Amino acid sequence: MSPLVSRYVLTDQTYVARLVEKNLEENLVISKKSSQKRRGKPAAATANPTKLCFKPLDWELDEVTPSLTGSPDVTSFDTVIACDCIYNDALIEPLVQTCADACGLRNRGEDVGAESEETATPSMCIVAQQLRDPEIFEGWIKEFNKHFRVWRVPEDMLSQELRANTGFVVHIGVLRDASAP
């Protein structure tokens, strides 16, 4: 997806920031070396201009604001991705609310001027998760459905590694309209 994405913002609690940033730096070096070997070009010529940054975000304590995008020119997200975050029933409501708040940035009307292309298309929330405990999954899907219109990604559209028989499922959600029942 890298050629199609101009910016990634990774989030987690503050205490993991140093580890995430170290991992990003190490992967950037590996990526540059791989590109150089494949194409025979200097790393600078093949470096991907994609922006990748880390922002601390605690679902229970932090407020989701446009500053989370990591850009003064961008006030919302196209897609929010949560990967294997649902393993504790106490985190279900804060996670879903954080996803709803992040997708809701698109609807706040903070963009300058008339409706831009950025605000014309709703944000999407993709949740990939390992199925561990049926009660936790059921609690999550009920809470997620309160805020989002939800679709499960069909197995034939997933990689072999993510199909249900491997214990993983992927759902896509689009924030419900405030006026919708």
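Just a few scattered comments:
- Listed residues HIS147, HIS171 arranged by accessible area, highest first, probe 1.4 Å: HIS147, HIS171
- Charge tally in the Cβ shell below 9 Å around LEU175, where Lys, Arg are +1 and Asp, Glu are -1, LEU175 excluded: +2
- Other residues within the sphere of radius under 14 Å centred on the Cβ of LYS146, judged by their own Cβ, net out at -2 (K and R +1, D and E -1).
- Proximal charge balance of THR79 [Cβ under 12 Å; K/R count +1, D/E count -1]: +1
- Whichever aspartates and glutamates have a C-alpha closer than 14 Å to that of LYS51, once near sequence neighbours (fewer than 8 apart) are set aside: GLU21, GLU25, ASP73
- Full-stretch length increase - LYS146, ALA17 - with 0.36 nm per residue and alpha-carbon distance subtracted: 43.3 nm
- Ranking TYR8, TYR15 by solvent-accessible area of protein heavy atoms (1.4 Å probe, all protein chains present), from largest to smallest, gives TYR15, TYR8.
The values are calculated or read from the model by the stated rules, or taken from the named source; none is laboratory data. Quantities reported herein were computed from a predicted structural model and do not represent experimental measurements. We place every Cβ from the backbone using ideal geometry, glycine too, and count neighbours over all the protein chains shown. Heads up: the accessible areas ignore ligands, DNA and RNA and are worked out on the full protein's heavy atoms, side chains in. Shrake-Rupley method; radii C 1.70, N 1.55, O 1.52, S 1.80 Å.
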